[in-house]
Structure formats: structure tokens, C-alpha cells
Amino acid sequence: DPYKIFLVNFKVGAASNDAVEDQIYNIVQSSADGMDTDTISALTAAIPALDRQNAINTLLISKKLVISKTSAGVLKLKVNTSTQLTGATDEEQAIYTLIEESKRKGIWIRELRDGSGLSQIQLRKVLKSLEQRKLIKNVKAVGTTKKCYMLYDLEPDTSLTGGTFYSDQQLDSELIHTLVHVCIGYVEGRRKQAIDNHPDDIQMQKELSAVRPQEIVDFVLEKRVLNVTVTLEDIERILDVAILDGAIERRSDGKVSSIILVDRTFFASRHGTMLNLSSRRRLYVRPRDKPPDVQVYDRVVIWKLD
């Protein structure tokens, strides 16, 4: 048990001096990751060893400092910033502190065992006690059957739940499908508006067709398209799906736009040109010799004849 080892090492010497305790506390506080005893000794070389040991022991007993264990098994002293439980055993307090430090990401049972030095039986007993008191809860992460633990009142991080697109540990395919269509519809609507406003200026159409992802987020939230709240990160993920499907493209500035394909209401002439029946504009399609100032959209090359 690392706690017993630490206390045995320092439970000797005369009564500690308040000034020594303050100095050691401040030194430990300066390191967010904690500090091992060798470093503390080096930084307080002017303090007698027995006074230093007594001061550390007093700080541990008063719970101003706590002991932590790195993944390499090194014991360190850290300033205690955790909640102190009333009527809890040392083991319960230690486990609660480890869980509290994990915040919304939670902590796996193996990490609790390694960090506390408790046996499997001891750990399960402590966890059961804390769960019964509604101080902690276990959460099953998406894609695994393993449990992790977090404080009872916290909402799990999206890395555990899968975020907006998961419901009861299952991927919500219908929600994703709906959002993809909403995003594509919004982007295509912007392109149509640009074409209507600038029917003879392809470059202006292309520029005004571009949409910032945040605009789509604002649209979805304002129109209450869905019963769930979406974030910019959610929409970015959905846009990635639409991009892979070939429905939209992402520009270098982060905006997205609809991929313009040749209208299917075309017919070919003997001269290798095509006529758009909706706008009465003649367009070349995939000629062998590309003239200058050609506009390229996805797999189709189009430009207007003079």
C-alpha cells in the first residue's frame, strides 16, 4: 500500500515547524504534476532531514498534501484540491479523489487499481459503497463493455457517449441521414440563390455559393429542424460525410459549396457542343483541347461560348 509506505518513511523526527510546512507546501504547489521526495529534499537542502520528514508527515495527515502514483510507479506529493468526504475511510477518499480528478472523461477500473494500490476485492467494495451513496456512477463507453467511473452529478464526455449521433450506445443512422440531407439542401439552396441572382457570371455564382459551417449550425438551431442540439463539431462531421459522398466540396478557407454538375437536360450537336435547355446557353463538355479560362467543377468541365 503506497500510503502506508509513505507514512512510514516520514513518521519520525521532532514536531514540525509551521514555516517548514509552509515552505514545503509552496514548493509542491508550484508543480501541477506533483513532486517526488528527492526533488523536495534538493530544494530544501537547508532544512534538517528530520524537520523535513515531520513537516511532510503533518501535511499528509492534515490532508493538505496527498500522494499520487505515476504510470511508472513513482510516488509524488501533490496539493490536495479534491473534495473531502465526511465519514469516509482512507480508501474511499483515495478512490473518490482519483475519480474526481478524471472529471467528465471518467477513469477505468484498472487505472483506479493502479493508482490506489488496492486489491481487486478492496476496490470493488469501495466502489460499491460510493455508488450506494450516490457519490459516483459507472458509465459504459461506446464500443466497449468496460465500465469507467465518474462523479455522480457529471455528464459523460462525448468520447464516452459518442456524442449527438449516438442513442443508448447505438449509432443513430436516421439522425445522421436527416442531417446530411439538411446540410446538402442548405448548401444547394445557397447555390440556387447565387445562380438566380447572377445567371451569367459563373465566377460570382461559385463565390456566393460558398457557405460557412457555422451558418448551417445557426440554421438548424434557429429553425429547430431537429429535437437535439447540434454543435459546430457535429455539423463538421456531417459535412465530412457529404464530402465523401461527393455531394459538396470544401474550399481552402473552410467554407463548403455544392458541386456543380452539367444539367442533365442537355443535348449534343454535331460540333461537340451542348445546349442547356433551361438557360439556352451552349456549353462544351469534356473537349480534347481545353480553351483558356475554363471553369472546372468536379468531374465535368464546362464554359460558356462567346
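For (1) at pLDDT 90 or above; (2) out of contact with any Pro (no Cβ under 6 Å at 6 or more places or on another chain); (3) over 16 Å from residue 188 (Cα atoms); (4) surrounded by 14 or more Cβ atoms within 10 Å (Cβ to Cβ), each residue gets a yes or a no:
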{"site": "215", "(1), (2), (3), (4)": "yes, yes, no, yes"}
{"site": "241", "(1), (2), (3), (4)": "no, yes, no, yes"}
{"site": "253", "(1), (2), (3), (4)": "yes, yes, yes, no"}
{"site": "260", "(1), (2), (3), (4)": "no, yes, no, yes"}
{"site": "266", "(1), (2), (3), (4)": "no, yes, yes, yes"}
{"site": "275", "(1), (2), (3), (4)": "no, yes, yes, yes"}
{"site": "278", "(1), (2), (3), (4)": "no, yes, yes, no"}
{"site": "286", "(1), (2), (3), (4)": "no, yes, yes, no"}
{"site": "291", "(1), (2), (3), (4)": "no, yes, yes, no"}
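Would you check if residue 34 is closer than 27 Å to residue 149 by Cβ, without any contact (Cβ under 8 Å) to a residue 60 or more places away in the chain, surrounded by 13 or more Cβ atoms within 10 Å (Cβ to Cβ) and outside the structural domain of residue 149 (by TED's automatic domain parsing)? Here the answer is yes, as residue 34 does meet what is asked. Taking the criterion of being part of a helix (DSSP H, G or I) and farther than 30 Å from residue 166 by Cα, the residues of the range 207-222 that qualify are 207, 208. Residue 174 meets all of the listed conditions (1) within 14 Å of residue 258 (Cα to Cα); (2) out of contact with any Cys (no Cβ under 7 Å at 6 or more places or on another chain); (3) at pLDDT below 90 but one, namely (1). Listed by first and then second residue, the pairs linking a residue in the range 92-119 that is closer than 12 Å to residue 66 by Cβ to a residue that is among the charged types (D, E, K, R), with Cβ atoms under 6 Å apart and 6 or more places separating them unless they lie on different chains, are 115/69. Scanning the range 50-85 for residues that are part of a loop (DSSP other than H, G, I, E, B) and under 26 Å from residue 110 (Cα atoms) yields 63, 70, 71, 72, 73, 74, 80, 81, 82, 83, 84, 85.
So, residue 50, is that one in the same structural domain as residue 18 (by TED's automatic domain parsing), hydrophobic (A, V, I, L, M, F, W, C) and either touching a residue at least 40 places away in the same chain (Cβ under 8 Å) or touching a strand residue (DSSP E or B) at 6+ places or on another chain (Cβ under 9 Å) (or both) or not? When the stated conditions are applied, residue 50 does not pass them. Of all residues in the range 181-204, those that are free of Cβ contacts under 8 Å to residues at least 40 places away in the same chain and surrounded by 13 or more Cβ atoms within 10 Å (Cβ to Cβ) have Cβ atoms under 7 Å from Cβ atoms of residues that are in a helix (DSSP H, G or I) and of a type in the set (S, T, N, Q), 6 or more apart or on another chain, in 194/205; 195/205; 198/205. Being out of contact with any helix residue (DSSP H, G or I) (no Cβ under 9 Å at 6 or more places or on another chain), within 21 Å of residue 152 (Cα to Cα) and surrounded by 17 or more Cβ atoms within 10 Å (Cβ to Cβ) is a condition met by at least one residue of the range 100-114. Which residues, taken from the range 223-237, are in contact with a helix residue (DSSP H, G or I) (Cβ under 7 Å, 6 or more places away or on another chain), more than 14 Å from residue 211 (Cα to Cα) and not in a loop (DSSP other than H, G, I, E, B)? Listed by number, the list holds a single entry, 234.
The values are calculated or read from the model by the stated rules, or taken from the named source; none is laboratory data. All figures in this text were calculated on a predicted structure; none of them were measured in a lab. Reconstructed Cβ throughout: ideal geometry from the backbone, glycine too, with neighbour counts over all protein chains shown.
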